[in-house]
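What follows is calculated from the coordinates using simple rules that are stated; it is not laboratory data. Worth saying up front: this structure is predicted, and the values here are computed from it rather than measured. Ideal geometry is used to build each Cβ from the backbone, glycine not excepted, and the neighbour counts take in all protein chains shown.
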Amino acid sequence: MVIEILTLFPEMFSSPLEHSILGKALQKGLLNIKVRNIRDYAFDKHRQVDDRPFGGGSGMLMKPEPLAAAIEAVRKERPGIKVYLLTPQGKLFNQSMARQMASLDSIALVCGRYEGVDDRIRAHWVDGEISIGDYVLSGGEFAALVVIDVIARLIPGVLGDEDSCVEESFSDSLLEYPQYTRPRNFRGFKVPDVLLSGNHEEIRKWRRRESLRRTLERRPDLLDYSELSEEDKRILEELKREKKRIG
Ligand code: 6GU
């Protein structure tokens, strides 16, 4: 898979892409990331990339010509590429968008900066807009890195263990169960007995129950999207009753 990044701050991508899972994906050739500087597509004599908003107001906008030229260069090299603008006004990024994007041959991530981007770019040059959460970043660069990290680990062969991502939080829209490693007793805090029992069926049941408990307590909104078995629903009713009793 190819990911094209369009940014005014290409240096922000060097270190994060060298490390851990992302670095390995790049080394193995499973992922190819190309970072382009939008300023390289500014062709006026000052190579200007920003300008003042019509109608007044504070702050600068990214002017359309360099952005359009950069996006057009990418589309010419990679026909069919999907181009996404990273902006706090975009669609909230989630695991299912990531899965859909990971299935594509190539995507481009356009990092917005300053107070925003001339709206004609949003309206006519990109295929979609993505936000990573309800807060404001000073630019799309960190958001692009988040999107890349989420997508990279969905590419077959990137994670050591092929299915180590299937059981994780959000893959079936439930939060993960608690996990423990040695020692069994850490400063008086003990690992739940069932995990030391060797009874795999009991362990599986305990983990599912704790996933459901965490999701009910912390992210009940996720339960609406989860595929719950009849057994899950029974456990959830039990957990709700438990909560009412104990508080
Ligand atoms: Cl994609 N960009 C900016 N600037 N802020 C954000 C964001 C993106 N997603 C959440 N906040």
Between D50, D172, D134, find the one with the highest GNM mean-square fluctuation for the chain; connect C-alpha pairs within less than 10 Å.
D134
How would you order 97-107, 148-158 from highest to lowest mean count of nearby Cβ atoms within 10 Å?
148-158, 97-107
Loop trypsin sites (Lys or Arg not before Pro), region 1-76, which have at most 16 other Cβ atoms in a 10 Å radius of their Cβ (DSSP)
K28, K45, R47
In a Gaussian network model of the chain with springs linking alpha carbons closer than 10 Å, the residue among R184, R122, R207 that fluctuates most is R184
Normalised contact order of region 1-124, rounded percent, pairs of Cα under 8 Å and 6 or more residues apart
34 percent
My understanding is that a pair violates if its Cα-Cα distance is over 32 Å; which of K24/K76; K190/K243; K24/K233; K24/K82 do that in this structure?
K24/K233
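Apply the a/c threshold of 1.5 to the C-alpha gyration tensor of region 58-121 and tell me whether it is rounded, prolate or oblate. Could you put the intermediate results ahead of the total?
Details: a/c = 3.57, a/b = 1.29, b/c = 2.77.
In terms of gyration-tensor shape, oblate.
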Using the number of other C-beta atoms within 10 angstrom as an exposure proxy, rank V74, V136 with the fewest first.
V136, V74
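If each residue of separation counts as 0.36 nm, what is the full-extension length gain between I203 and N32 once their alpha-carbon separation is subtracted? Please report the intermediate quantities before stating the final value.
Details: separation 171, 0.36 × 171 = 61.56 nm, distance 4.00 nm.
Using 0.36 nm per residue and subtracting the Cα-Cα distance, I get 57.6 nm.
For n ≥ 4 DSSP H runs only, could you compute -39500 (n - 2.57) per run for the chain, divide by its residues and tell me the 222 nm figure to the nearest 500?
Working: 8 runs with 89 residues, N = 247.
Helix-only estimate at 222 nm: -11000 deg cm²/dmol.
Percent antiparallel among DSSP beta bridges with both residues in the chain, to the nearest 5? The partial results should precede the final answer.
Details: 4 of 26 bridges.
Antiparallel: roughly 15 percent of the beta bridges in the chain.
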Additional length obtainable on full extension of the chain from A69 to L92, 0.36 nm per residue less Cα span:
5.6 nm
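List the chymotrypsin sites (Phe, Trp or Tyr not before Pro) within region 80-135 that fall in a DSSP loop (any state other than H, G, I, E or B) and whose Cβ has at most 11 other Cβ atoms within 10 Å. The partial results should precede the final answer.
On the way: sites: Y84, F93, Y114, W125, Y135; in loops: F93, Y114, W125, Y135.
Those that pass, being in a loop and sparsely packed, are Y135.
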Within the chain, longest stretch free of exposed GluC sites (Glu not before Pro) [DSSP loop, at most 10 other beta carbons within 10 Å]
1-161
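Roughly how many debye, to the nearest 20, is the charge dipole of region 2-152 about its Cα centre, given +1 on each Lys and Arg Cβ, -1 on each Asp and Glu Cβ, and no other charges? Mind showing how you got there, number by number?
On the way: 18 positive and 19 negative charges, 64 e Å.
The dipole magnitude comes to about 300 debye.
For the chain, what number results from the quotient of the Cα radius of gyration and 2.2 N^0.38 Å? Present the calculation step by step, with values, prior to reporting the outcome.
Values: Rg = 22.9 Å, N = 247, 2.2 N^0.38 = 17.9 Å.
Compared with the compact-globule rule of thumb, the chain sits at 1.28.
Tell me, what is the percent relative contact order of the chain, built from C-alpha pairs under 8 Å that lie six or more residues apart?
On the way: 333 pairs, mean separation 44.7, N = 247.
Relative contact order for the chain comes out at 18 percent.
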Between R120 and E231, how many nm apart are label points set 7 Å from Cα along the C-beta direction?
6.0 nm
